[in-house]
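Quick notes on the structure that follows.
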Amino acid sequence: MTNEQKQLVKATVPVLREHGVLLTTHFYNRMFQFNPELKNMFNMGNQQNSKQQTALAMAVLAYAENIEDPSVLLPVVGNIGHKHTSLDIRPEHYTIVGNHLIASIQEVLGEAATPELVDAWTIAYNQLASLMSGHEQGLYKRHTEQKGGWTGWRPFVVKQKIVESAEITSFYLYPTDNGSVENHLPGQYISLRLFLPELQLLQPRQYSISSAPNGEYYRISVKREAGSQHPDGMISNRLHDYINQGDVVDLSAPAGTFVLNASSDLPKVFISGGVGQTPLLSMLENLISNKNNINVPITWVHGCRNEEVHAFKDKVAEISHVNSNINQHIFYEQLKETQNDKYEGWVDLEVLKDTILENETEYYICGPAPFIKKHYNFLIENGVQKSAIYFEEFGPASLQLN
């Protein structure tokens, strides 16, 4: 890009800040009108709740703001690349998206979309698409080089369906070809795809792998979205209501950058809310199965409404009992009776301040966006370095904390 073209792109930053979601909403509507087949690749629930439009608007804005040095966006590129490979997005899809994005810029900006501005954004988009596609090809290659790895969609059979709580059920998924599966990194997710009769569409959803890597199967632990007819909860509820032992679902290979720092022997603090404990369970099970980590201090902090909805309650209690290096602290919004290491109310790290605020400690947080932001800010305010805090927000990213 020329300096003049970069300046033209940067000049759109104020418009993107104010009207970015309007632009991305127009873009998605346009793309699905002309390429309705892509509805099978996108989470239509996130289209209805505007999460995807907002996430894309933030990404476009960040790219425009950093057009002179896109390298600062490499961590974001990494996260998006993992999401794209989990959805089997290929180079040809970038061409389709680019055509609709440039057309949307012209249609939304009207006369302000001069030929020079359109040319600048076309070059900028192609530059970004090349960067993204190249990164994703590397991820696909890495999968094919792994034992049991694959790209695209692979059929898996449900061999076990286990109720973990009043809301959460686990599914043990084995490949139908009886082959091995790629060992995921603890904390990663898989995409699962089902046909939704209500929408007449295939729909993918991401679910954290809740088991340690084992080369044979993946376990996902899914929360029922009570009373939800919104597309966002349809896949989860369909798994609960209609998918049983012996049924087949499609999975893509493990993905995600929220992973356990397995090479570190520093103390670990896991902080979760509700079903946010699932990737942390994978990390915990991996740690206790590794003899090299037998003495690593681990603190497990979890919060949910009450004991009835508390999945893996007995499992984690047993792990804590058997492993003297693990301590757990449970917060219930409704606590029937006072017990050791159980507290009434929402997760409050202030209560555990003397226990968890140690030098040279790593913190892993997973839950809804407000939950993450609250505890991330507490740790920062109490002197914890940003580099020691890892977090994952379920759904399209809206937090910009690091």
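Out of Pro70, Pro14, one residue alone is assigned by TED's automatic domain parsing to the domain that holds Asp119, modelled with pLDDT under 90 and over 20 Å from the mean Cα position of the chain (by Cα). It is Pro70. Of the residues making up region 157-176, just one is out of contact with any helix residue (DSSP H, G or I) (no Cβ under 9 Å at 6 or more places or on another chain) and charged (D, E, K, R), namely Lys159.
Residues that are small (Gly, Ala, Ser) and part of a loop (DSSP other than H, G, I, E, B) were ranked within region 236-268; the one that is surrounded by the fewest Cβ atoms within 10 Å (Cβ to Cβ) is Ser263. His93 meets each of the listed conditions (1) in contact with a helix residue (DSSP H, G or I) (Cβ under 7 Å, 6 or more places away or on another chain); (2) crowded, with 17+ Cβ neighbours inside 10 Å apart from (1). Give me the pairs, please: first residue somewhere in region 91-112 and farther than 13 Å from Leu22 by Cα and in a helix (DSSP H, G or I), second residue anywhere and at pLDDT 95 or above and charged (D, E, K, R), beta-carbon distance under 9 Å, and either six or more positions apart or on two chains. That search, which allows pairs on different chains as well, returns Pro91/Glu136; His100/Arg30; Ala103/Arg30. The numbered conditions (1) closer than 19 Å to His26 by Cα; (2) in contact (Cβ under 8 Å) with a residue 40 or more places away in the chain; (3) not aromatic (Phe, Trp, Tyr) are all true for Gly78 except (1). The residues in region 270-323 that are surrounded by fewer than 20 Cβ atoms within 10 Å (Cβ to Cβ), of a type in the set (Val, Ile, Thr) and outside any helix (DSSP H, G or I) can be counted, and the count is 2.
Restricting the search to region 354-385, which residues are in a helix (DSSP H, G or I), loosely packed, with under 13 Cβ neighbours inside 10 Å and either modelled with pLDDT under 95 or among the aliphatic types (A, V, I, L, M) (or both)? Residues satisfying the conditions are Asp354, Pro370.
All of Gly179, Gly187 fail the test of being modelled with pLDDT of 95 or more and touching a helix residue (DSSP H, G or I) at 6+ places or on another chain (Cβ under 6 Å), apart from Gly187. Consider Ile67 against the criteria (1) part of a helix (DSSP H, G or I); (2) over 24 Å from Leu196 (Cα atoms); (3) in contact with a helix residue (DSSP H, G or I) (Cβ under 9 Å, 6 or more places away or on another chain): it satisfies all of them except one. Which criterion is unmet? Looking at each condition in turn, Ile67 falls short on (1).
Collect the residues in region 196-234 that are touching an Asp or Glu at 6+ places or on another chain (Cβ under 6 Å), over 23 Å from His82 (Cβ atoms) and either small (Gly, Ala, Ser) or modelled with pLDDT of 95 or more (or both), keeping them in residue-number order. Gly233, the sole residue that qualifies.
Counted as qualifying within region 119-218 are the strands (runs of 3 or more DSSP E) with 2 or more residues that are β-branched (Val, Ile, Thr) and surrounded by fewer than 17 Cβ atoms within 10 Å (Cβ to Cβ), namely 154-163.
A search for C-beta distances below 6 Å between a residue of region 204-225 that is in contact (Cβ under 8 Å) with a residue 40 or more places away in the chain and any residue that is of a type in the set (Phe, Trp, Tyr) and surrounded by fewer than 24 Cβ atoms within 10 Å (Cβ to Cβ), counting only pairs 6+ apart in sequence or on different chains, returns Tyr217/Tyr172; Tyr217/Tyr174; Arg219/Tyr172.
So which of Leu173, Leu131 ends up being of a type in the set (A, V, I, L, M, F, W, C), within 30 Å of Ala226 (Cβ to Cβ) and either assigned by TED's automatic domain parsing to the domain that holds Phe312 or within 22 Å of the chain's Cα centre (by Cα) (or both)?
Criteria check complete, one pass: Leu173.
Let's see how each residue does on (1) under 16 Å from Leu349 (Cβ atoms); (2) in the same structural domain as Lys353 (by TED's automatic domain parsing); (3) hydrophobic (A, V, I, L, M, F, W, C); (4) touching a Pro at 6+ places or on another chain (Cβ under 9 Å):
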| site | (1), (2), (3), (4) |
| --- | --- |
| Asn306 | no, yes, no, no |
| His310 | no, yes, no, no |
| Asp314 | no, yes, no, no |
| Ala317 | no, yes, yes, no |
| His321 | no, yes, no, no |
| Asn325 | no, yes, no, yes |
| His329 | yes, yes, no, no |
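Scanning region 12-58 for residues being of a type in the set (S, T, N, Q) and part of a helix (DSSP H, G or I) gives a total of 11.
The values are calculated or read from the model by the stated rules, or taken from the named source; none is laboratory data. Keep in mind it's a predicted model, so treat the numbers as computed, not measured. For neighbour counting, all protein chains shown are included, and Cβ atoms are generated from backbone atoms with ideal geometry for every residue, glycine included.
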